[in-house]
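Worksheet: one structure, shown below.
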Amino acid sequence: MPLSNVIHTPTIQLTLALFSGALLYYTIDRLRNQYSLDGYSFHPLSFSNSLDLSSLTSITPPAGLPLASVGISGSIGNTPLIKLPGLSAATGCSIYLKAEALNPGGSPKDRVALSILTDLEATHNLVSGSGDTIYEATVGSTGISLATLCRSRGYGCHIVMPSDQSVEKSDMLRKLGAVVERVEPAPITDQAHFVNVARQRAREHFERGARGKEGGQDSIGKGRGFFADQFETGANWKAHYAGTGPEIWAQMNTGEPGSGDSGIDAFVAGAGTGGTVTGVGLYLKEKVREEQNHNNTKATRKVKVVVADPQGSGLYNKVKHGVMFGQFEREGTRRRDQVDSVIEGIGLTRSTKNFDKGYDEGVFDDAVRVNDQQARNMARWLVEREGVFAGGSTAVNCVAALRTALELGPGHRIVTIWCDSGMRHLSKFWKQIGEIGGEAKVTIEDVLGGRDDF
């Protein structure tokens, strides 16, 4: 008998249905026991005579669920904070991931893109459907966030990115309707650098729109060009100062003060533009100062802000020693166009206004350098031990959080950022890692030591 006929026999159908229902109940019961989801009321399924799914309707949602958002932009932010049981147990600390990868555009750049667009709408009166177009230089995530929001608001989107970035990002951008221009990597001093190209494209488009209006021509369908300028605009760090920082503070201070279940001792994040680590760091340190002033006490606790930096980047040296490049990286001895790392999205060989804001304000207390192999091993660990499928930037963040926890010692509470999914890094970062089997192979020692023989 053909397999299709076997599957459609009544006995087989009933067996499959019973198995599916049992698996669903087992999963819910396991989640309840593992995570103590006391806000939910669970009711067993009945298998007495026939499969009864009606009992699922009696699951009571927890109080305080947010109302429906208006448009895709309304769903940005308020991301979960997730404690990592494996890393926490290995260090004796509590290590948390702020799940920014769960934003609708898949990264914390959704916040930045929304902040930039809101600022441009207020200052330049962007017109939906007019041909007004946002130009941006990005290695991917900011472009995806901008393309998503531009599409929903009726603006064009033109993205310029280095040609050595993973193809998943440019493919996704095109699916979102953006124009994608991939250019060869070049130094920032070269007009062929992707940031300079994007700025020039925006200028040319803006000037075309201005000439059309001066000549009395109908500009509808042509519009104007605007450069988002994520590296330099203050709308970047302000998005995290106003959103990500307050969320982390609130989520980490839900317990009784002094109970050990409240407060934050360290915030760890990489810097691509510097907006996240600057904005969040500024907010957290201000809240600590407010507490001290309110209680009229000396520093009862501090928040240590740590920059996680991949190999080849100059930010580690900037934070630790005040200069971008060390003696072994003196002028003329290193590659200055792109960071020499498989990691995408963080690491710079130049400073930015967003990073300088945090540096000049004294926000950064320390930096941790992470090499590619340590990042690959951490990505394996996160899958094998935590079930988190992360990209390279998140892996770097977690290595730096691990090392910060070991330095601070047991009992401390540390937050870092889950900023990217591994789905955007299959052809490059995850291709180097290879397949993950059912057995957990990676240890903390492997992560720190950079073992490479899995």
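The values are calculated or read from the model by the stated rules, or taken from the named source; none is laboratory data. What you see is a predicted model; the values in this text were computed from it and never measured. Note: ideal-geometry Cβ built from the backbone for every residue, glycine included; neighbour counts use all protein chains shown.
For the structure I just gave you, tell me whether A178 is over 20 Å from G275 (Cβ atoms) and in contact with a Cys (Cβ under 7 Å, 6 or more places away or on another chain). Yes: the conditions hold for A178. Considering (1) in contact with a helix residue (DSSP H, G or I) (Cβ under 9 Å, 6 or more places away or on another chain); (2) in a loop (DSSP other than H, G, I, E, B); (3) farther than 20 Å from R224 by Cα, the lone condition that D164 does not fulfil carries the number (1).
Looking at V368, V388, V363 in this structure, which one is part of a strand (DSSP E or B), closer than 27 Å to L102 by Cβ and either assigned by TED's automatic domain parsing to the domain that holds G322 or at pLDDT below 95 (or both)?
On the way: V388 fails: part of a strand (DSSP E or B); V363 fails: part of a strand (DSSP E or B).
Selected residue: V368, the only one of V368, V388, V363 that is part of a strand (DSSP E or B), closer than 27 Å to L102 by Cβ and either assigned by TED's automatic domain parsing to the domain that holds G322 or at pLDDT below 95 (or both).
Being of a type outside the set (G, A, S), part of a loop (DSSP other than H, G, I, E, B) and modelled with pLDDT of 95 or more is the filter here; which residues of the stretch 272-309 pass it? Steps first, answer last, please.
Looking only at the stretch 272-309, we keep the residues that are of a type outside the set (G, A, S), and these are 273, 276-278, 280, 282-298, 300-307, 309.
Filter again for part of a loop (DSSP other than H, G, I, E, B), leaving 273, 296-298, 300-303.
Hits for the stretch 272-309 are T273, V303.
For the stretch 78-109, filtered to residues that are closer than 21 Å to A235 by Cα and over 9 Å from the mean Cα position of the chain (by Cα), the residue that is surrounded by the fewest Cβ atoms within 10 Å (Cβ to Cβ) is N78. Among the numbered conditions (1) touching an Asp or Glu at 6+ places or on another chain (Cβ under 9 Å); (2) modelled with pLDDT under 90, the only one that G312 does not meet is (2).
The set of residues in the stretch 243-256 that are among the hydrophobic types (A, V, I, L, M, F, W, C) and touching a residue at least 60 places away in the same chain (Cβ under 8 Å) comprises I248, M252.
Residues in the stretch 132-145 that are modelled with pLDDT of 95 or more, farther than 11 Å from K109 by Cα and outside any strand (DSSP E or B): D132 alone.
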